[in-house]
1. So is residue 74 loosely packed, with under 11 Cβ neighbours inside 10 Å and either out of contact with any Lys or Arg (no Cβ under 9 Å at 6 or more places or on another chain) or in contact (Cβ under 8 Å) with a residue 12 or more places away in the chain (or both) or not?
2. Can you tell me which residues in segment 49-82 are at pLDDT 75 or above and part of a helix (DSSP H, G or I)?
3. Within segment 121-141, which residues are surrounded by fewer than 18 Cβ atoms within 10 Å (Cβ to Cβ) and not basic (Lys, Arg)?
Amino acid sequence: MGEKVGNAEVLVGGTWHQARLTLEGDLLFVTLTDLDDLNLQGSDGEGGPSDVPEPIASQKRVVQICKSDNNGLGISIKGGRENKMPILISKIFKGMAADLTENLYVGDAILSVNGEDLKEATHDEAVRALKRAGKVVTLEG
C-alpha cells in the first residue's frame with residue numbers, strides 16, 4: 001500500500017501550527033514543522049507530546065488497566081470510522097485507573113479492547129466496547 005504524506009494545520013494549546021502527516025499502514029505520524037514557536041506542553045501544562053517517551057511514541061503496545069469498583073477507566077476518546085480516523089485517547093483524568101498505569105498518553109490510538117478489534121469501529125462502537133470491558137481492561141495501542 002505504501003506511505004502517504006501530506007500537510008495540515010494542527011491546533012495545539014489554542015494556536016494553529018503547520019504539520020506534516022505520514023500514513024504508514026495503519027499508523028498516522030504527525031510531525032509539527034514549526035517547533036521553534038511551540039511549547040510542547042499541553043494547554044493545561046500536562047499531557048503534551050513531550051511527555052511521551054520517544055521509544056514509545058511510534059510502537060504498538062499492550063496496556064492492562066485494573067478499574068476500581070465505582071470508577072471508569074478515566075479516559076475520553078475521539079475519532080472513529082465516521083470521522084475517517086482511528087479511535088484516539090483525547091484526555092486522561094489524573095488519579096484514575098488509566099493515569100495510574102503511567103503507560104497511556106493523550107493521542108494514543110486504541111486498536112483493540114480486550115481483544116475486540118476497534119480499527120474500523122465507529123466512535124459509538126468504541127465507547128460501548130470500553131464500557132462493557134469489565135474490571136480488567138487490556139488495550140492494544
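1. no
2. Within segment 49-82, 81, 82 meet the criteria.
3. 122, 123, 124, 125, 127, 134, 136, 138
The values are calculated or read from the model by the stated rules, or taken from the named source; none is laboratory data. Computed from a predicted model, the values in this text were never measured in an experiment. Cβ: placed from backbone, ideal geometry, glycine included. Neighbour counts: every protein chain shown.
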